[in-house]
Structures are given as C-alpha cells and as structure tokens.
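Below you'll find the structure, written out as structure tokens, and then a few comments.
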Amino acid sequence: MLTEAQHIARAAGLGSSDVSAVVGENPFKNANYVWLEKRGLVERQPPTDATWLGDQMEPIIARRYAQEMG
C-alpha cells in the first residue's frame, strides 16, 4: 500500500503504467483516466492481489537491482 506521500509524488508525473495508458497500450485505463487520476478527480482504487504483491516485492527487487548495477 502506498503512503500518502507516495501518492502525492506519483501525481506529480507519469509512471510506466501511466505512459502505457496514454499511448493506448494499457487495457485497464486510458489517457483521459490518467488525467483524471493526476488531477485527483477520481477515487483511488483499492489494491488488487497483483498490486499488493508488487508493493511487497518492490524492495526486494530494488535491492537485487542495486547489487547487480552497483
């Protein structure tokens, strides 16, 4: 689960899933929805099992990446 500070930081720019939506390659949202999200005009969606798992794995993946890349 993202913290409030993380939500605020994400609203300030585009992430990879945002870009895929903007260019029409995301089956779950489109450019208009990304704009609404960034403006705070839609309610936050509760985490799914997949997003929860991704949040849990992120620190592990980041540590491994740091080990490999220095």
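Of note:
- Extension gain for ARG63 to LEU14 (0.36 nm times residue separation, less C-alpha to C-alpha distance): 15.3 nm.
- Calculated log₁₀ intensity ratio I(q)/I(0) where the Debye formula runs over C-alpha points of the chain, q = 0.19, 0.20, 0.22, 0.23 Å⁻¹: -0.92, -1.00, -1.12, -1.17
- Accessible surface computed residue by residue for the chain, with neighbouring protein chains in place and a 1.4 Å probe, gives 85 Å² per residue.
- Amide H contacts under 5 Å for LEU2, placed H, 5+ residues apart: none
- Neighbour cut-off at most 10 other Cβ (10 Å), DSSP loop, GluC sites (Glu not before Pro), region 6-51: GLU25, GLU43
- Restricting the chain to chymotrypsin sites (Phe, Trp or Tyr not before Pro) that sit in a DSSP loop and have at most 14 other Cβ atoms within 10 Å of their own Cβ leaves PHE28.
- The stretch between MET1 and VAL42 holds 13.0 nm of extra length on full extension. This uses 0.36 nm per residue minus the Cα-Cα distance.
The values are calculated or read from the model by the stated rules, or taken from the named source; none is laboratory data. Please read these numbers as outputs of a predicted model, since none were measured by experiment. Every residue, glycine among them, receives a Cβ derived from its backbone with ideal geometry; neighbour counts consider all protein chains shown. The protein model used for the area step is the full one, side chains on, heavy atoms only, and it has no ligands, DNA or RNA in it. Shrake-Rupley method; radii C 1.70, N 1.55, O 1.52, S 1.80 Å.
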